[in-house]
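The values are calculated or read from the model by the stated rules, or taken from the named source; none is laboratory data. A quick note: this is a predicted structure, and the numbers were derived from the prediction, not measured. Cβ atoms come from the backbone with ideal geometry, glycine included; neighbour counts cover every protein chain shown. Only protein heavy atoms, including side chains, enter the accessible area calculation; ligands, DNA and RNA are left aside. Shrake-Rupley method; radii C 1.70, N 1.55, O 1.52, S 1.80 Å.
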Amino acid sequence: MSELPFRAPVSAHHREPVLDVVVPVFNEEKDLEPSVRRLHAHLSETFPYPFRITVADNASTDATPRIAARLVAELPELEWLRLAEKGRGRALHAAWTGSRAPVLAYVDVDLSTDLAALLPLVAPLISGHSDLAIGTRLARGSQVVRGPKREAISRCYNALLRSTLAVGFSDAQCGFKAVRRDVAERLLPLVKDSGWFFDTELLVIAERAGLRIHEVPVDWVDDPDSRVDLVSTAVADLRGIARIGRELARGTLPTAGLRRAGDRSPSGGLAGQLLRFAAVGAVSSVGYVLLYVALRPETGGQAANALALLVCALANTAANRRLTFGLRGRTGALRHQAQGLLVFTIGLALTSGSLALLHHATSTPGRGTEVGVLVAANLAATLVRFLLFRAWVFRTGRRRGTEASAA
């Protein structure tokens, strides 16, 4: 699958709707009309582009369908999508897949999030700066009013995500998100969940693929009439976290085709790679010498050399993976470290062999001579490591083929 194209700003003269705001609903006969009218009035007054509002009805059994049909007849910017099955993720998947707007968003029907944050949410996507945008209730500057129970649950959930999946985004479940359509077309088929975990899974895959996620602090007031079943939702979320965790551990999280052509890694040019590799190597060499000197009195020369080289090899592989060859996320990380350890054995052979030759030539070499020989041997091992990293461990063609196979 080809890469995503360069991000480009949406034309200021776009005639079709630039933004499609989806409102997922299930039996919302009380809140639907006032919320939709409020959202429509806000967009009409503040949004500088054509827009559309899509009510995605999750198989409602009350008067929600009739109210939605009446509103569609009154408001030309409103559409109504009826689904036969429940599930917020299912509703968003269907509505976003069927939309042709360049920017897709969704808000909860209770409008707990202050709509003043809507334009800041979608502006980075319209300008081409970011791929996704989320509202966050946990950032500095956010103003949140909710009970202690929901506050504790929200913070615990996001802390659990950070500790188990190592995510970087701060608030997975705020019902206030947006995505560029070209990203959604590649991302949505990869998301398996159709319920409340949909948001989290979408963001985890996007982050692991290296897509740019913009966060907007929001003002948020809890809806006391919320009918979300906290227990069943929490259980489903835990199952989702376990599933994603297994995929990350196996290196099978699907991220193929989600890299931006405009976000090419530093992996592109030999000269740039050499400079970055040299910088990482210089830091590794300093760390190696410090570790060797610290370990030498307790372990002896050979053991100190092996331990120092092993620790620095692991750190060196991780740093070069990200900084020199531009690979992010955990996909393939274990394989890269395993291959890096094989490369490490070559460095170990060079440095250990040099140390053995030195001690064969003179039984009591000076400490400065010993360190100098090891540094020279380590530099030679570093050159060999770069060539093997570039031609084998992080080879571009192999990386793309592996991602495609995983997808």
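Numbers at a glance
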item: Leading residue by the ranking (least open to solvent (accessible area, probe 1.4 Å)) among those in segment 276-327 that are in contact with a helix residue (DSSP H, G or I) (Cβ under 7 Å, 6 or more places away or on another chain) and of a type in the set (D, E, K, R); result: R321
item: Residues located in segment 72-88, provided they are in contact with a Phe, Trp or Tyr (Cβ under 8 Å, 6 or more places away or on another chain) and modelled with pLDDT of 95 or more; result: V72, E77
item: Qualifying positions in segment 80-112 - of a type in the set (S, T, N, Q) and open to solvent by 10 Å² or more (accessible area, probe 1.4 Å); result: T97, S112
item: Residue in segment 188-203 that is without any contact (Cβ under 8 Å) to a residue 12 or more places away in the chain, closer than 27 Å to E3 by Cβ and either open to solvent by 60 Å² or more (accessible area, probe 1.4 Å) or in contact with a Leu (Cβ under 9 Å, 6 or more places away or on another chain) (or both) present; result: yes
item: Flag if A356 is open to solvent by less than 60 Å² (accessible area, probe 1.4 Å), in a helix (DSSP H, G or I), closer than 24 Å to R250 by Cα and at pLDDT 85 or above; result: no
item: Residue check for L348: over 17 Å from A282 (Cβ atoms), in a helix (DSSP H, G or I) and at pLDDT 80 or above; result: no
item: Residue match in segment 28-35 (condition: at pLDDT 95 or above and assigned to a strand (DSSP E or B)); result: no
item: Hits in segment 214-226 - residues which are modelled with pLDDT of 95 or more and either hydrophobic (A, V, I, L, M, F, W, C) or open to solvent by less than 20 Å² (accessible area, probe 1.4 Å) (or both); result: V216, V218
item: Matching residues in segment 150-174 - criterion: being without any contact (Cβ under 8 Å) to a residue 40 or more places away in the chain and of a type in the set (S, T, Y); result: S154, S163
item: Options G281, G326; residue that is closer than 29 Å to D131 by Cβ and at pLDDT below 85; result: G326
item: Test: residue in segment 220-230 that is within 21 Å of T255 (Cα to Cα) and either outside any helix (DSSP H, G or I) or more than 13 Å from the chain's Cα centre (by Cα) (or both); result: no
item: Cross-chain or 6+ apart pairs with Cβ under 9 Å, segment 105-131 first and free of Cβ contacts under 8 Å to residues at least 40 places away in the same chain, then of a type outside the set (S, T, N, Q) and open to solvent by less than 10 Å² (accessible area, probe 1.4 Å); result: A123/A133
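Table: residues versus (1) surrounded by fewer than 20 Cβ atoms within 10 Å (Cβ to Cβ); (2) over 18 Å from the mean Cα position of the chain (by Cα); (3) at pLDDT 95 or above; (4) in a loop (DSSP other than H, G, I, E, B).
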position: I134; (1), (2), (3), (4): no, no, yes, no
position: A152; (1), (2), (3), (4): yes, yes, no, no
position: R155; (1), (2), (3), (4): yes, yes, no, no
position: A159; (1), (2), (3), (4): yes, no, no, no
position: S170; (1), (2), (3), (4): yes, no, no, yes
position: K177; (1), (2), (3), (4): no, no, yes, no
